[in-house]
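**Student:** Sharing a structure with you now.
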Amino acid sequence: MVTLIEVERERQPNTDSSINVKRKHKKKKESSLWWMYLPALAAICFFIIYPFLNGIKISFTNWNGFSQVYDYVGFTQYERMLKDPDTWLIVKNTLLYGIGSTLFQNIIGLGYALLLNQSIRLKNFTRTIVYLPVIISPLIMGYIFYFFFAFQGGALNDVLVFFGLDKINALADPKLNIWIIVFVNTFQFVGIAMIIYLAGLQSISKDYYEAVQIDGASSFQQFKNITLPMLMPSITINMVINIIGGLKLFDVIISLTGGGPGYASQSMSTFMYDLYFNRQNAGYAATQGVFMAIIILILSLAALVYFKRKEIEA
């Protein structure tokens, strides 16, 4: 007579074999997925990693950007960069563009998101209008605002003259043109910050608000104790994206001021462009590029680590 134990013993090998088959199938599926990453990895290596490493190599040379012959000069270009007073003016401008744009885009973007997350009329239309400048080329956006701030024939000066006031040459004023560039960059890309904050707001459960409303919490207390902590993942994303975008600002500067007067509104990106194409000094331009990459890496990683630590689990 066959016992129940014997039946179980006969079934056990079949069960183990089916588990092994499933495991092998899963491993095979996972290994096949890795092959899907190869095209993207190859593109990253070819278009990003290789040019960056090649740029580091060029920063140790005196290459003019055109000749096939150049000499290695060691750290000469780096010593020149650190001793050049223009470098630190341009670094200061770059930091102003990066940090200024980041602060304004996040504050205004959060304000838009909080407003447009409410049940108000035409909110979808307003969201579209706020986001619309993002799809315009930064170079074109710069030229649009150039005709607004231009000294001759600019809309701003036409308004000032109409009211009997003196015209101002805002784009040639070192105290104004940097902040005009920050304003234009903020105006164009605040829509991205708004969309990310809207996504974060809509992911917060209403149960949190209902619970504190029972305890009589004010709107400010709800924002401080619920909305802001729960938005930290969105804040992290926006801060890192905006810092990187602001620090490598190029198109808007070229179309508004060309980096002038002198170096007054130059960023490190425009300075590299000038060094390479106008002065034919590719070695020094590569040195500036490596320095800019280090600054972006340090600031973006610092922001990422800092705001990641502030995040809480929902």
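The values are calculated or read from the model by the stated rules, or taken from the named source; none is laboratory data. Every value quoted in this text rests on a predicted model; they were computed, and no experiment measured them. Quick reminder, even Gly has a Cβ in these numbers, built from the backbone with ideal geometry, and neighbours come from all protein chains shown.
**Student:** How many of the residues in region 190-222 are in a helix (DSSP H, G or I), of a type outside the set (Val, Ile, Thr) and free of Cβ contacts under 8 Å to residues at least 12 places away in the same chain? Break it down into steps so the answer makes sense when it comes.
**Tutor:** So the first thing to find is which residues in region 190-222 are in a helix (DSSP H, G or I), and the list is 190-202, 206-214, 219-222.
Now drop any that are not of a type outside the set (Val, Ile, Thr), which leaves 191, 193-194, 197-202, 206-211, 213, 219-222.
Checking the rest, the ones that are also free of Cβ contacts under 8 Å to residues at least 12 places away in the same chain come to 206-207, 210-211, 213, 219-221.
Residues meeting the conditions: 8.
**Student:** In region 136-150, is there at least one residue being surrounded by 13 or more Cβ atoms within 10 Å (Cβ to Cβ), part of a loop (DSSP other than H, G, I, E, B) and without any contact (Cβ under 8 Å) to a residue 60 or more places away in the chain?
**Tutor:** yes
**Student:** Looking at Val130, Val73, which is the one that is touching a Phe, Trp or Tyr at 6+ places or on another chain (Cβ under 7 Å), within 20 Å of Ala193 (Cα to Cα) and modelled with pLDDT of 90 or more?
**Tutor:** Numbers: Val73 fails: within 20 Å of Ala193 (Cα to Cα).
Answer to the check: Val130.
**Student:** Which members of region 257-268 meet the condition of being free of Cβ contacts under 8 Å to residues at least 60 places away in the same chain and either closer than 10 Å to Gln288 by Cα or surrounded by 17 or more Cβ atoms within 10 Å (Cβ to Cβ) (or both)?
**Tutor:** Scanning region 257-268 gives a single hit, Gly259.
**Student:** How many residues are touching a Leu at 6+ places or on another chain (Cβ under 8 Å) and within 21 Å of Ile235 (Cα to Cα) when one looks only at region 111-129?
**Tutor:** Total satisfying the criteria: 5.
**Student:** Next question. Output the number of the condition that Met292 fails; it satisfies all remaining conditions of (1) buried (at least 18 other Cβ atoms within 10 Å of the Cβ); (2) part of a loop (DSSP other than H, G, I, E, B); (3) of a type outside the set (Ser, Thr, Tyr).
**Tutor:** (2)
**Student:** State whether the residues of region 105-125 include one that is within 20 Å of Asp251 (Cβ to Cβ) and part of a helix (DSSP H, G or I).
**Tutor:** Narrowing region 105-125 to residues within 20 Å of Asp251 (Cβ to Cβ): 105.
After this cut, where a residue has to be part of a helix (DSSP H, G or I) as well, the list is 105.
Within region 105-125, one or more residues are within 20 Å of Asp251 (Cβ to Cβ) and part of a helix (DSSP H, G or I).
**Student:** May I pose another question? Of the residues Leu176, Leu171, Leu201, which is under 23 Å from Leu231 (Cα atoms) and either among the β-branched types (Val, Ile, Thr) or surrounded by 13 or more Cβ atoms within 10 Å (Cβ to Cβ) (or both)?
**Tutor:** Of the residues listed, the single one that is under 23 Å from Leu231 (Cα atoms) and either among the β-branched types (Val, Ile, Thr) or surrounded by 13 or more Cβ atoms within 10 Å (Cβ to Cβ) (or both) is Leu201.
**Student:** Only one residue in Asp84, Asp71 is free of Cβ contacts under 8 Å to residues at least 60 places away in the same chain, surrounded by 12 or more Cβ atoms within 10 Å (Cβ to Cβ), out of contact with any Pro (no Cβ under 6 Å at 6 or more places or on another chain) and not hydrophobic (A, V, I, L, M, F, W, C), so which one is that?
**Tutor:** After ruling out the rest, the residue left standing is Asp84.
**Student:** Another one. Only one residue in Gly260, Gly246 is over 16 Å from Leu89 (Cβ atoms) and small (Gly, Ala, Ser). Which one?
**Tutor:** Gly246
**Student:** When residues of region 133-178 are filtered for being basic (Lys, Arg) and modelled with pLDDT of 90 or more, how many remain?
**Tutor:** Total satisfying the criteria: 1.
**Student:** Looking only at region 87-113, which residues are surrounded by fewer than 16 Cβ atoms within 10 Å (Cβ to Cβ) and not charged (D, E, K, R)?
**Tutor:** Trp88, Leu103, Ile107, Gly111, listed by residue number.
**Student:** Considering region 31-81 alone, what residues qualify as being closer than 19 Å to Arg279 by Cα, of a type in the set (Ser, Thr, Tyr) and assigned to a helix (DSSP H, G or I)?
**Tutor:** Thr76, Tyr78
**Student:** Next up: Quick test of your reading of the structure: Asp274 fulfils all but one of (1) surrounded by fewer than 21 Cβ atoms within 10 Å (Cβ to Cβ); (2) at pLDDT 90 or above; (3) more than 22 Å from Tyr143 (Cα to Cα); (4) not hydrophobic (A, V, I, L, M, F, W, C). Name the failing condition by number.
**Tutor:** (3)
**Student:** Taking region 226-281 as the region of interest, how many residues are part of a helix (DSSP H, G or I) and of a type in the set (D, E, K, R)?
**Tutor:** So the answer is 2.
**Student:** Name the pairs: first residue in region 101-122 and in contact (Cβ under 8 Å) with a residue 12 or more places away in the chain, second residue part of a loop (DSSP other than H, G, I, E, B) and buried (at least 21 other Cβ atoms within 10 Å of the Cβ), Cβ to Cβ under 8 Å, at least 6 apart or on different chains?
**Tutor:** Ser101/Leu249; Leu110/Leu231
**Student:** Which ones in region 267-294 are among the hydrophobic types (A, V, I, L, M, F, W, C) and more than 23 Å from Asn177 (Cα to Cα)?
**Tutor:** Phe277, Ala282, Ala285, Ala286, Val290, Phe291, Ala293, Ile294, listed by residue number.
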